[in-house]
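The next block holds one structure in the form of structure tokens; read it before the comments.
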Amino acid sequence: MTRIFLDATTLIALGTIGELKQLTSFTGELVILPTVQNEITTEPAQTNVNRFIDQYAVETTDPAVQDRVQQAKEVLAEKEQNGDVSLIAAVLAYTAEDRPVGVVSDDQRVRTTARGLGATVTGTVGVIVRAVEEGLDREDAYTLINQIDSHGLHMTGDLREKAYSLIDNAAEST
């Protein structure tokens, strides 16, 4: 089964509006690593992430990550282990063993690096699109995009239009 590692960027965006349940549209095991969880310091996102972990039995550890932390620090040119380093360490560990791994992040550096190392990558908009593919109503998805935009993610007009287009395509293909 694919392990899907969640980044603070998406957890904050969805946690702020109380919509973390949209992450359950993915088929795979969701993982929120401790270094990522420690980066979520704003409310209500922090409380909602803690509730999400408990309610959906989300994994919060992965022993394979620690074996690749030093390599991930080098890849990202980081001195300390932070959430980004942990995510890339997970990708390095899984791809080294040809195991499927996914990353959900809006951080461009994390996305580019993870994709380049062989992970499947998406972001907050991709989470909403996936939820539409799994049955979320198109209008509800538009509302989520607008809520995310007004509560912190701050999309450009182009990104918002692209999100609407992806939602429309997903709704029409279901």
Under-5 Å amide H pairs with residue 121, H placed in peptide plane, nonlocal only: 103
Rounded to whole Hz, the Karplus (6.51, -1.76, 1.60) HN-Hα couplings of region 45-60, x for glycine and proline: 4, 4, 5, 5, 5, 4, 5, 4, 4, 5, 5, 10, 6, 6, 5, 10
Protection-proxy order for peptides 3-11, 137-145, each taking the mean of Cβ atoms within 10 Å per residue, highest first: 3-11, 137-145
If you average the sequence gap of Cα pairs under 8 Å that are 6 or more apart and divide by the length of region 106-174, what percent do you get for the contact order? 35 percent
What residue among 148, 164, 105 has its Cα farthest toward the positive end of the dipole of region 78-172, where the charges are +1 on Lys, Arg and -1 on Asp, Glu, each on the Cβ? 105
If you place +1 on the Cβ of every Lys and Arg, -1 on the Cβ of every Asp and Glu, and leave all else neutral, what size is the dipole of region 9-76 about its Cα centre, to the nearest 20 Debye? 80 debye
What are the residues whose amide H is under 5 Å from the amide H of residue 3, where those residues sit 5 or more places off or on another chain and H is modelled from the backbone? 29, 102
With Cα coordinates, the longest principal axis of the chain makes an angle with the long axis of helix 138-148, in degrees rounded to 10, of 60 degrees
The chain accessible area per residue, 1.4 Å probe, protein heavy atoms, integer Å², reads 49 Å²
By how many degrees, 0 to 90 and rounded to 10, does the Cα axis of helix 124-133 deviate from the longest principal axis of the chain? 60 degrees
Ranked by GNM mean-square fluctuation in the chain (Cα springs under 10 Å), the top entry among 86, 25, 150 is 150
What list of ³J(HN,Hα) values in whole Hz, one per residue of region 68-75 in order, does the Karplus curve 6.51 cos²θ - 1.76 cosθ + 1.60 (θ = phi - 60°) give from phi, with Gly and Pro shown as x? 10, 4, 4, 4, 5, 4, 5, 4
Using every Cα-Cα pair within the chain, state what percent have a distance larger than 23 Å. 38 percent
Taking springs between alpha-carbon atoms closer than 10 angstrom, which of 23, 14, 117 fluctuates most in the Gaussian network model of the chain? 117
Region 114-119 - phi-based ³J(HN,Hα) in whole Hz, Karplus 6.51/-1.76/1.60, Gly and Pro as x: 4, 5, x, 8, x, 7
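The values are calculated or read from the model by the stated rules, or taken from the named source; none is laboratory data. The structure presented is a predicted model; accordingly, all values stated were derived computationally and were not measured. Positions of Cβ are generated from backbone atoms using ideal geometry, with glycine treated the same way; all protein chains shown enter the neighbour counts. To get the accessible areas, we keep the full protein, side chains included, count just its heavy atoms, and leave off ligands, DNA and RNA. Shrake-Rupley method; radii C 1.70, N 1.55, O 1.52, S 1.80 Å.
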